[in-house]
Amino acid sequence: MTHEQNRPDESRAEVLESTVGEARAGHVRAPRINVASHAGRPRVVIIGGGFGGLNAARALKHAAVDVVVVDRYNHHLFQPLLYQVATAGLSPGEIASPIRWILRRLSNVQVLLADARAVDRTRRVVELDIGELSYDYLIIASGSAHAYFGHDEWAPMAPGLKTLDDALFVRRRLLMAFERAEVITDPEVRRQLLTFVIVGGGPTGVEMAGAMAELARHALVKDFRAINPRDARIVLVEGASSILTAFPPALQARAEQSLAGLGVEVRKGTLVTGVTEGAVQAGDERIDAGTVIWAAGVAASPLGRTLGAPVDRVGRVRVEPDLSVPGSPEVFVIGDLAYREQEGKPLPGVAQVAIQGGRHAAASVVRLTEHQPTQAFRYRDLGNMATIGRAAAIAEIGRMRFSGWLAWLVWLFVHIMALTGFRNRVIVLVQWAWAYITYQRGIRLITGQGTPPGSRQ
Ligand SMILES: Cc1cc2nc3c(=O)[nH]c(=O)nc-3n(C[C@H](O)[C@H](O)[C@H](O)COP(=O)(O)OP(=O)(O)OC[C@H]3O[C@@H](n4cnc5c(N)ncnc54)[C@H](O)[C@@H]3O)c2cc1C
């Protein structure tokens, strides 16, 4: 193995550091980054160590290419279980693992902790916060973030769920609301503190609402003296005429029944037009709420726009049938950041689309290195699931539609198997079994400073 440069010693690292600083300030061009490379082997840069990026890297493990995976966080996050961290059901380490560790056995893969700022397709370089990285092939899988329908000023009052920091912040907010309510004597303020509004009736909103209801009605019940946590009011607000719009109406109705059983109030066809500290304007109704959680709107990673390629309304890159960027057959965009239609409908922003897209992009890179034409991507829908709480879920797998216990067991199995690492699977299984028997949510820790983590796209 050769290196473009020798491994930097301490003084060179300092020079690099100061050059990066100057480059950030715009004084000099950013330095080229020192990455391992085999002579004659093409370099594949993958931006994002999420579902798409990781699967692309894995699919390239036997290819005669050098792979560099870049992520701004050092860990891969299993986003479907973020709501469990936010509601004190799981610890952060159980749903996240270091990307370096996940890819440690792939000898042709190097991992860089860096923030990608822009892509220069003409020069074939990615501009990172630590310098420039050249590529022969590029796979962009930098995902999405939550969006506030043009009202970014709502973000500090209505945190969303995208990162571990977001989930820990939401957990702090939820638990602090009960702590404050315990010491407040004014019944109006107490009622406000114990009112929780979740905006967005998709799977994340529904799962959050169910888990919060269980936290209030079961896990916290014996912990307080002045308040009864069961008095907590949980309101789920959805702008569309139904919740869980990706599911058939019969399953939507089952989910609503389960939510009602947990005491969650569902407001459908209700647009949120204002969020202030302590209140939400939902349609004609003003809801005084101490805690608001945002589970609506999605915006694509801003990296997509730097490509200078066509994007849709929320910034997703309109890719070719093989997931490449128009005019750049060597650049692929996958997962949440890509816009592609299949049978007249846009592909959904779900993990399977990113996973299958990552594998497809990797296969396309291999075909290009072998001077073969690429093939069109075809998404295979493996099913759709959402859980509403203890022993309640809905599932649509192929032509089968089911709900209740069975759906919940399938949901449990699929999520445990999809987690990274055997240790995490075992721990989560034990945590859930314990929670099921005892009704407890054991990770009720209040940590952090109470300031929003500052959502990044
Ligand atoms: C709360 C929540 C619950 C969900 N539940 C489900 C579910 O139940 N089922 C389901 O199928 N899907 C679910 N999803 C959607 C699913 O997680 C996404 O569709 C999937 O993660 C998309 O994969 P991706 O690889 O495109 O992006 P991601 O998995 O989001 O990965 C993007 C990666 O890129 C990195 N990154 C971003 N920008 C930069 C940058 N500029 N520089 C460097 N690195 C960068 C990020 O740190 C991240 O690691 C959920 C999403 C959320 C937020």
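What do you get for the angle between helix 351-369 and the principal long axis of the chain? Use alpha-carbon atoms, 0 to 90 degrees, nearest ten. The answer is roughly 0 degrees.
Against the chain, whose longest principal axis comes from its Cα atoms, helix 249-261 is set at around 50 degrees. Near Lys61, which aspartates and glutamates are there with a Cα under 19 Å away, not counting those fewer than 8 places off in the same chain? Cross-link targets: Asp71, Asp136, Glu330, Glu370.
Quotient of the Cα radius of gyration of region 140-179 and 2.2 N^0.38 Å, N being its number of residues: 1.38. This ranking places Ser97, Ser37 by how few other beta-carbon atoms lie within 10 Å of each, fewest first, which gives Ser37, Ser97. If one takes the longest principal axis of the Cα atoms in the chain, at what angle in degrees, from 0 to 90 and to the nearest 10, does the Cα axis of helix 203-214 lie? The helix 203-214 is inclined about 40 degrees to the chain. Projected over all directions and averaged, the alpha-carbon convex hull of region 28-88 occupies 6.5 nm². Histogrammed with a bin width of 10 Å, the alpha carbon distances of region 215-318 distribute as 12, 29, 31, 19, 7, 2 percent, first bin at zero.
Rounded to the nearest 20 debye, the dipole magnitude of the chain is 1060 debye, with +1 charges on Lys and Arg beta carbons, -1 on Asp and Glu beta carbons, and the Cα centre as origin. Cα-based Rg of the chain per 2.2 N^0.38 Å, rounded to two decimals? In units of the 2.2 N^0.38 Å rule of thumb, it is 1.03. Centre-to-centre separation between the Cα atoms of region 189-237 and those of region 364-408: 31 Å.
Here region 294-380 has an Rg and Dmax of 12.9, 47 Å, counting Cα atoms alone.
Estimated from helical segments only, the mean residue ellipticity of the chain at 222 nm is -9500 deg cm²/dmol, where each DSSP H run of four or more residues counts as -39500 (n - 2.57).
Coordinate-derived values only; no laboratory data. The structure displayed is predicted, hence computed values, not measured ones. Note that each Cβ is placed from the backbone with ideal geometry, even for glycine, and that neighbours are counted across all protein chains shown.
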